[in-house]
Amino acid sequence: MIDRLEASLNFHQQALGLRQERQKVLASNIANADTPGYKARDMDFASELKKAVKQGGDGSGLALSRTSARHIEGQGLPSASRELLYRVPDQPSLDGNTVDMNRERTQFADNSVRYQSALTILNSRIQGLKKAMQPE
């Protein structure tokens, strides 16, 4: 029962985690808009989500090290393995910075809306599962 519940929520959990990571990358791009030589980065969300769901379904995540035999084993999400891609600028600047603020703001807002909608979908799914488990 718990396995089915976990599997049904795995996709949404992975999607939210990736949206959060992408938001950090986009915020970093915006923060470094005036840094000479900074290269704007982003991730291919669809391919990263496919990889994350595939890994998350296997239960193979990032293994956490234990410093004592009495510690509980744990699994973490492999966030460092995300493939960040460099953006190709439409208009390169003279200082080598490839951040296009209009594009970054648009991507940031789009990712925020998608994050919020993923939260809403996950919340409604959890509410539906709660209603199904409650006696009438």
Exercise. If you take the beta carbon distance between Arg105 and Val53 as r and set R0 to 35 Å, what does 1/(1 + (r/R0)^6) give as a FRET efficiency, to the nearest 0.05?
Worked result: 0.75
Problem set entry | Residue among Ala46, Leu18, Leu129 farthest towards the positive dipole end of the chain, charges placed on Cβ | Leu129
Problem set entry | Size of electric dipole in the stretch 1-52: Cβ of Lys, Arg +1 and of Asp, Glu -1, about Cα centre, debye, nearest 20 | 60
Seminar exercise, completed: Here the relative contact order (percent) of the chain, from C-alpha pairs under 8 Å and at least 6 apart, is 34
Exercise. Of the labelled options (1) 17.5; (2) 16.1; (3) 18.8, which one gives Kirkwood radius over Cα pairs in Å as computed for this structure?
Worked result: (1)
Seminar exercise, completed: Quick calc, the chain, dipole around Cα centre from Cβ unit charges on Lys, Arg (+) and Asp, Glu (-), nearest 20 debye, gives 380
Exercise. Which FRET efficiency value, to the nearest 0.05, do you get for Leu119 and Ile2 by plugging their Cβ-Cβ distance into 1/(1 + (r/R0)^6) with R0 = 22 Å?
Worked result: 0.45
Seminar exercise, completed: Phe45 and Leu16 label points (each 7 Å along its Cα→Cβ direction) are spaced in nm at 1.6
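Just so you know, all these numbers are worked out from the coordinates, no wet-lab data involved. A quick note: this is a predicted structure, and the numbers were derived from the prediction, not measured. Note that each Cβ is placed from the backbone with ideal geometry, even for glycine, and that neighbours are counted across all protein chains shown.
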